[in-house]
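Working notes, beginning with the structure itself.
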Amino acid sequence: MSLEKFLQNAVSSWMNEEGPNSDIVLSSRVRLARNMTDFRFSTLYSSEEAKEIVDRVKDKLSLYPGNLGELEFLPTREIQPLQKRVLMEKHLISPNLAEDTNYGAVLLSSEEDISIMVNEEDHIRIQCLYPGLQLKEALQRANQIDDWFESEFDFAFDEKHGYLTTCPTNVGTGLRASVMMHLPGLVLTQQLNRIIPAINQLGLVVRGIYGEGSEALGNIFQISNQTTLGKSEEDIVEDLLSVVKQIIDKEHSARDALVKTSNIQLEDRIFRSLGVLEHSRIIESKEAAKCLSDVRLGIDLGYIKVISKNILNELMILTQPGFLQQYSGGPLRPNERDIRRSSLIRERIKLDKDTCEEEK
Amino acid sequence: MVCQECNERPATLHFTKVINGEKTEVHLCEQCAQDKGEMFMFDSSSGFSVNNLLAGLLNIAPAFKQAKETEIPKTEVLQCEKCKMTFQRFINVGRFGCAHCYETFKDELTPLLKRVHSGNVEHHGKVPERMGGAIHIKKKIQQLKSDLQTMIADEEFEKAAEIRDEIRSLEKDANKEGGDKG
Ligand SMILES: [Zn+2]
Ligand SMILES: [Zn+2]
């Protein structure tokens with residue numbers, strides 16, 4: 001079954017490439033929300049309408065130009081709940097689509113850098129993911145795909161309101177641009193809570209890693225635009241970029257300050273966390289995330305040289321409940337997960353250290 | 001719902017606080033949220049989250065509804081002819097029923113959009129190529145007119161004259177396209 005390949009690896013192949021500013025910015029994402037003119041929105045549409053939307057997208061897919069990459073069509077009703085959870089943990093589908101058991105579908109590129117959701121809150125949501133800080137590139141890609149869709153479908157659009165979306169928070173450009181940032185320096189120096197209100201004032205939103213309603217795990221924050229009206233797509237991205245660059249600078253200075261003022265404490269914290277990851281036998285996801293964040297900081301600062309940064313991207317996802325269970329081949333009770341998580345982390349770190357040894 | 005901090009203003013921001021796996025809801029007005037902001041917003045270790053988008057919208061809605069109810073009773077029966085969504089129902093769910101709802105509720109929508117989109121109500125972004133012939137011309141004219149102002153201010157009259165001619169010719173095209181604005 002073709003779904004398998006999207007479930008096996010924690011790290012999507014696009015994540016293996018190192019992007020600009022990847023010591024702080026993990027990934028950049030752009031999403032465009034579109035609706036077709038001939039159907040009611042998901043709030044009210046009938047199963048027949050929903051089915052026809054999916055059928056139309058599927059039919060047109062055969063015409064999808066090769067230069068945009070191959071896409072795999074996966075109807076949500078054919079995906080098991082646990083598998084959906086894994087796709088969600090990889091950010092390939094939204095929690096909203098993960099709950100769908102009706103006529104939703106997702107189109108995935110083999111690199112997993114393109115995900116097109118059908119019958120999420122809007123009829124079509126085009127999502128492009130890039131490593132590091134590459135918002136412009138992500139927007140350009142999403143636009144290409146949108147242009148292609150637009151040559152095949154009539155999208156709901158009006159001159160005043162722009163692209164018409166189910167929820168008025170998305171109307172206009174239908175664009176949500178977001179950047180995933182690792183900000184341990186700003187958290188440790190307690191600057192982030194002062195910065196966030198200022199970011200909000202600029203029409204941007206800050207959230208924890210797993211999106212709306214979730215808490216910040218492992219000092220990873222997602223920053224995205226809140227406003228979709230009144231600015232062009234390019235300006236929205238430009239404004240977000242300029243804020244993100246300022247945050248990057250602040251995070252760098254916070255890390256420098258930490259190294260200068262509390263080097264030994266910092267080093268102690270980082271190596272304790274490494275010790276926990278290497279030696280614990282039971283670990284909860286929150287503690288794992290905290291330790292992984294510390295170790296990643298340790299790698300960025302040059303304290304830890306025998307572990308690659310990538311393993312942490314991988315473990316951040318691999319140690320989520322859905323993935324752990326997928327990996328173990330069945331449901332696990334929470335305490336079983338904590339044991340499994342711990343052994344998985346130990347194995348992966350050991351593997352990485354061994355490879356490092358061999359290379360020397 | 002009244003703000004739990006000042007017990008005065010309506011609570012427009014809702015937070016979920018998670019401590020040791022226990023969830024508590026916190027309801028604040030904007031002012032108190034800002035005052036408390038530093039404490040509340042993002043102590044990552046105690047795990048606060050802000051459901052800004054949805055909660056923001058849904059909580060604007062009741063305040064907005066109250067105002068409207070006293071002013072214009074007709075919103076009570078305002079209904080989209082295409083999907084039968086009523087304005088009342090839209091306020092409750094925060095979601096439209098179809099694209100035509102935007103047209104049906106356009107007068108009621110403006111203050112809401114202003115709140116959600118930092119004062120903006122108009123689209124300034126991408127226009128779909130195949131449906132936007134007339135719109136594209138109109139946007140181009142707007143752009144040229146603003147260029148023209150700059151030229152005149154800079155006293156570049158020759159260039160300004162060129163742009164003026166271009167605007168005239170585009171306006172002719174626009175008139176030709178007339179009713180067919182897709
Ligand atoms: Zn208050
Ligand atoms: Zn409607």
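The values are calculated or read from the model by the stated rules, or taken from the named source; none is laboratory data. Note that this is a predicted model, so its numbers are computed, not measured. Methodologically, a virtual Cβ is constructed for each residue, glycine included, from the backbone with ideal geometry; neighbour enumeration extends over all protein chains shown. Please note that ligands, DNA and RNA were not included when accessible areas were found on the heavy atoms of the full protein model with its side chains. Shrake-Rupley method; radii C 1.70, N 1.55, O 1.52, S 1.80 Å.
Values for this structure:
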item: Wholly enclosed strands (runs of 3 or more DSSP E) of the range A:1-119 bearing at least 3 residues in contact (Cβ under 8 Å) with a residue 60 or more places away in the chain and away from every other protein chain (no Cβ under 14 Å); result: A:25-34
item: Test: residue in the range A:118-134 that is open to solvent by 50 Å² or more (accessible area, probe 1.4 Å) and not aromatic (F, W, Y); result: no
item: Subset of the range B:79-93 that is over 17 Å from the mean Cα position of the chain (by Cα) and at the interface with chain A (Cβ under 10 Å from one of its Cβ atoms) - its residue that is nearest to ligand 1 (Cβ to nearest atom); result: B:R89
item: Considering residues of the range B:120-139 that are open to solvent by 20 Å² or more (accessible area, probe 1.4 Å) and at pLDDT 90 or above only, the residue nearest to the other protein chains (Cβ to nearest Cβ); result: B:N120
item: For A:I199: the one exception among (1) part of a helix (DSSP H, G or I); (2) facing chain B (nearest Cβ under 9 Å); result: (2)
item: Residue list for the range A:139-163, filter: within 27 Å of A:I199 (Cα to Cα), at the interface with chain B (Cβ under 9 Å from one of its Cβ atoms) and either hydrophobic (A, V, I, L, M, F, W, C) or surrounded by fewer than 23 Cβ atoms within 10 Å (Cβ to Cβ) (or both); result: A:N143, A:H161
item: The range B:94-110 - residue that is outside any helix (DSSP H, G or I), closer than 13 Å to A:H161 by Cα and more than 6 Å from ligand 2 (Cβ to nearest atom) and, of those, nearest to the other protein chains (Cβ to nearest Cβ); result: B:A99
item: Failed item, numbered, when A:F323 is tested on (1) touching a Phe, Trp or Tyr at 6+ places or on another chain (Cβ under 9 Å); (2) farther than 16 Å from A:L277 by Cβ; (3) aromatic (F, W, Y); result: (1)
item: So A:I349, is it closer than 23 Å to A:E17 by Cα, in contact with a Lys or Arg (Cβ under 7 Å, 6 or more places away or on another chain) and either part of a helix (DSSP H, G or I) or at pLDDT 85 or above (or both); result: no
item: Of all residues in the range A:287-332 being under 17 Å from A:A10 (Cβ atoms) and among the aromatic types (F, W, Y), the one that is least open to solvent (accessible area, probe 1.4 Å); result: A:F323
item: For A:L61: the one exception among (1) surrounded by 20 or more Cβ atoms within 10 Å (Cβ to Cβ); (2) under 25 Å from the mean Cα position of the chain (by Cα); result: (1)
item: Index of the failed condition, A:F271 passing every other in (1) over 24 Å from the mean Cα position of the chain (by Cα); (2) hydrophobic (A, V, I, L, M, F, W, C); (3) crowded, with 18+ Cβ neighbours inside 10 Å; result: (3)
item: Candidates A:E99, A:E78, A:E72 - the one that is touching a Lys or Arg at 6+ places or on another chain (Cβ under 9 Å) and open to solvent by 60 Å² or more (accessible area, probe 1.4 Å); result: A:E99
item: Every pair of residues 6+ apart whose Cβ atoms lie under 7 Å, when the first sits in the range A:175-196 and is farther than 30 Å from A:E121 by Cβ while the second is open to solvent by 30 Å² or more (accessible area, probe 1.4 Å) and of a type in the set (A, V, I, L, M, F, W, C); result: A:T189/A:A257
item: Failed item, numbered, when A:T166 is tested on (1) open to solvent by 10 Å² or more (accessible area, probe 1.4 Å); (2) outside any strand (DSSP E or B); (3) within 13 Å of another protein chain (Cβ to nearest Cβ); result: (1)
item: Hey, A:N263 open to solvent by 40 Å² or more (accessible area, probe 1.4 Å) and either of a type in the set (S, T, N, Q) or at pLDDT 95 or above (or both) or not; result: yes
